[in-house]
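Engineer: My structure is below; once you've seen it, I'll send some questions.
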Amino acid sequence: MTILLSRRALSALLVTTSLAFAAPALAQNEIKIGYNADQSASGVAELGIAGLYGFQAAIEDINAKGGVLGRKLVGVVRDDVASPPKSIQNMNELIDNEKVAAVVGPTNSGNALAWLHIPQQKKVPVVSHVATATDITARYMKEPQNYIFRVSMVDREQLALLAAYAIKATKTKNIAIIADTTGYGQAATKDLLEILTLHGIKPVAIEKFGPKDTDMTSQLAKVKAAGADMVISGSLGDATAQVLKSMEKMDYYPGLLSTWGSINTPLINIAGPKLAEKTIFAASTTEDANERAVALHKRLIAKHPNMPAFVSAAQGYDAVTLIAAAIAQANSTDGEKIQQALENLGKVQGIIKAYDKPFSKEQHEALGVADFHLAQWKDGRVVKVDNEIVKALTAADLKR
């Protein structure tokens, strides 16, 4: 039997066939980078959102310059909704189905610790741009190849900066620790005790509270009775906000230092803009840190007027920049070759700083305590602290 096709049907068939052959070719001209982070569910989701904006901006800039290896970078984005099972599912999809060359993420340390084995086994590099748990990059450090890198704060490192500042700022040498009873809070307390011991300082008080507590006046009364003039909070922004509100009830305002969780909006939403200004916290950068940060912040705010936590945007941007540089240096999208290139990168200009050999086989942290800033809220913006105490800090003060 003879089948005759109309001219229109034949044309449609030819177009469909050509598209079918074109799709693989188009895919071969792309390099996919995955993004797996909470953008909707937890108190730090806004860090994941800001990180995504920086991730996207870096891809735009790299593609505007011709891409990498003559190929366009494409971001493949997944929201893990702060759920370890969902984050694990996302990682498997990104690696197995999307065939990404590398992954940026996550937001939550617990999610990273749940899936680190996946990219490690499948030899796909990951650059953590928000999660701060020390073990994230350390777990596979003794393996022949460690596929986990980071461009973010590290808990122990930021606490070293807070302790150094507290010791310079105190007039009485009476320093107290207050933290919630979560794993994060108690790990911070442990680190702070060890760091202060290195300085020859024993805290005059160590107080803790439940993660849902809203009144810390009894704990602060003990801190006050101990004569503390500097208090370090080992909690995220929402808990530190409750500490500030309790200080307000007592009209008791010692110096209060806190971790980088205070950089996101739960602090000012709960404590209020003015009260939020009474804590100084660690940050890898601020929107006014340098000309590159100023320019990126201006660009992102124009596109995303309600963008929170610029620091995460800068870290997301730099994570992509370092991955792209490694792909170019490796002249390949093979995971093993990218991993080796990351450990042997030369100079790469980022938003936070100009990186020069940011990683090595022994060191997978692109940022350390010497790179960090102290920051605080002023008039609803996060700005760099550059007072006389900060200027007096030296490398020898940063014990860890």
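Engineer: List every residue pair whose Cβ atoms sit under 7 Å apart, with the two residues 6 or more apart in sequence or on different chains, where the first one lies in region 302-319 and is in the same structural domain as Tyr53 (by TED's automatic domain parsing) and the second, anywhere, is surrounded by fewer than 19 Cβ atoms within 10 Å (Cβ to Cβ) and modelled with pLDDT of 95 or more.
Structural biologist: Partner pairs satisfying both residue conditions: Met307/Ile301.
Engineer: Would you call Asp371 among the charged types (D, E, K, R), closer than 25 Å to Thr265 by Cβ, crowded, with 20+ Cβ neighbours inside 10 Å and out of contact with any Phe, Trp or Tyr (no Cβ under 6 Å at 6 or more places or on another chain)?
Structural biologist: Here the answer is no, as Asp371 does not meet what is asked.
Engineer: Suppose we keep only residues that are among the aliphatic types (A, V, I, L, M) and part of a helix (DSSP H, G or I) within region 61-84. Which one would you say is nearest to Ala131 (Cα to Cα)?
Structural biologist: Ile62
Engineer: Could you list, in sequence order, the residues of region 71-129 that are of a type in the set (S, T, N, Q), in contact with a helix residue (DSSP H, G or I) (Cβ under 7 Å, 6 or more places away or on another chain) and crowded, with 17+ Cβ neighbours inside 10 Å?
Structural biologist: Ser87, Thr107, Ser109, Asn111, Ser128
Engineer: Scan region 378-397 and report the pairs whose first residue is under 16 Å from Ala283 (Cβ atoms) and not assigned by TED's automatic domain parsing to the domain that holds Thr170 and whose second residue is of a type in the set (Val, Ile, Thr) and modelled with pLDDT of 95 or more, with Cβ atoms within less than 7 Å and a gap of 6+ or a chain change.
Structural biologist: Pairs found: none.
Engineer: While we're looking at this one, here's another question. Collect the residues in region 212-240 that are outside any loop (DSSP other than H, G, I, E, B), of a type in the set (Ser, Thr, Tyr) and surrounded by fewer than 24 Cβ atoms within 10 Å (Cβ to Cβ), keeping them in residue-number order.
Structural biologist: Thr217, Ser218
Engineer: Considering region 38-56 alone, what residues qualify as being modelled with pLDDT of 95 or more and in contact with a Pro (Cβ under 6 Å, 6 or more places away or on another chain)?
Structural biologist: The one that is modelled with pLDDT of 95 or more and in contact with a Pro (Cβ under 6 Å, 6 or more places away or on another chain): Ala50.
Engineer: So, in region 129-158, exactly how many residues are of a type in the set (Ser, Thr, Tyr) and under 21 Å from Gly185 (Cα atoms)?
Structural biologist: 4
Engineer: Within the set of pairs 6+ apart or on separate chains, which have a first residue in region 41-58 that is in contact (Cβ under 8 Å) with a residue 24 or more places away in the chain, a second that is surrounded by fewer than 24 Cβ atoms within 10 Å (Cβ to Cβ) and basic (Lys, Arg), and C-beta atoms under 8 Å apart?
Structural biologist: Listed by first residue and then by second, the contacts come to Tyr53/Lys303; Ala57/Arg299.
Engineer: In addition: What tally of residues in region 13-37 results from selecting those that are at pLDDT below 90 and either in contact with a His (Cβ under 9 Å, 6 or more places away or on another chain) or of a type in the set (Ser, Thr, Tyr) (or both)?
Structural biologist: Matching residues across region 13-37 total 3.
Engineer: Give all pairs with beta carbons closer than 6 Å in which a residue from region 338-364 that is touching a residue at least 12 places away in the same chain (Cβ under 8 Å) and among the aromatic types (Phe, Trp, Tyr) meets a residue that is surrounded by 13 or more Cβ atoms within 10 Å (Cβ to Cβ) and assigned to a helix (DSSP H, G or I); count only pairs at least 6 apart in sequence or on separate chains.
Structural biologist: Phe359/Leu342
Engineer: Do we have Asp386 as modelled with pLDDT under 95, under 30 Å from His199 (Cα atoms) and acidic (Asp, Glu) here?
Structural biologist: Here the answer is yes, as Asp386 does meet what is asked.
Engineer: If you check Ala64, Ala138, Ala101, which single one turns out to be over 17 Å from Leu342 (Cα atoms) and among the small types (Gly, Ala, Ser)?
Structural biologist: Ala64
Engineer: Take the residues of region 130-165 that are of a type in the set (Lys, Arg) and surrounded by fewer than 24 Cβ atoms within 10 Å (Cβ to Cβ): which is modelled with the lowest pLDDT?
Structural biologist: Only one residue tops the list, namely Arg156.
Engineer: Of everything in region 318-343, what is surrounded by fewer than 24 Cβ atoms within 10 Å (Cβ to Cβ), of a type in the set (Gly, Ala, Ser) and either in contact with a helix residue (DSSP H, G or I) (Cβ under 6 Å, 6 or more places away or on another chain) or over 12 Å from Ile31 (Cβ atoms) (or both)? Give them in sequence order.
Structural biologist: Within region 318-343, Ala325, Ala330, Gly335, Ala341 qualify.
Engineer: Can you say whether Val243 is surrounded by 14 or more Cβ atoms within 10 Å (Cβ to Cβ), touching a helix residue (DSSP H, G or I) at 6+ places or on another chain (Cβ under 9 Å) and either assigned by TED's automatic domain parsing to the domain that holds Ala160 or assigned to a loop (DSSP other than H, G, I, E, B) (or both), as far as the supplied structure shows?
Structural biologist: yes
Engineer: Another one. Which condition number in (1) part of a helix (DSSP H, G or I); (2) touching a residue at least 24 places away in the same chain (Cβ under 8 Å); (3) surrounded by fewer than 23 Cβ atoms within 10 Å (Cβ to Cβ) is the one that Gly261 fails?
Structural biologist: (3)
Engineer: Here is a further query. Give the residue, chosen from Ile118, Ile88, Ile177, that is β-branched (Val, Ile, Thr), free of Cβ contacts under 8 Å to residues at least 60 places away in the same chain and in a strand (DSSP E or B).
Structural biologist: Of the residues listed, the single one that is β-branched (Val, Ile, Thr), free of Cβ contacts under 8 Å to residues at least 60 places away in the same chain and in a strand (DSSP E or B) is Ile177.
Engineer: Name the residues in region 266-298 that are surrounded by fewer than 19 Cβ atoms within 10 Å (Cβ to Cβ) and in contact with a helix residue (DSSP H, G or I) (Cβ under 7 Å, 6 or more places away or on another chain), would you?
Structural biologist: Hits for region 266-298 are Ile270, Leu275, Lys278, Asp288.
Engineer: Related question: Can you tell me which residues in region 377-399 are touching a helix residue (DSSP H, G or I) at 6+ places or on another chain (Cβ under 8 Å) and of a type outside the set (A, V, I, L, M)?
Structural biologist: Those that are touching a helix residue (DSSP H, G or I) at 6+ places or on another chain (Cβ under 8 Å) and of a type outside the set (A, V, I, L, M): Trp377, Asp379, Gly380, Asp397, Lys399.
The values are calculated or read from the model by the stated rules, or taken from the named source; none is laboratory data. Not measured: the values here are computed from a predicted model. Heads up, the Cβs are rebuilt from the backbone with ideal geometry, glycines too, and the neighbour counts pull from every protein chain shown.
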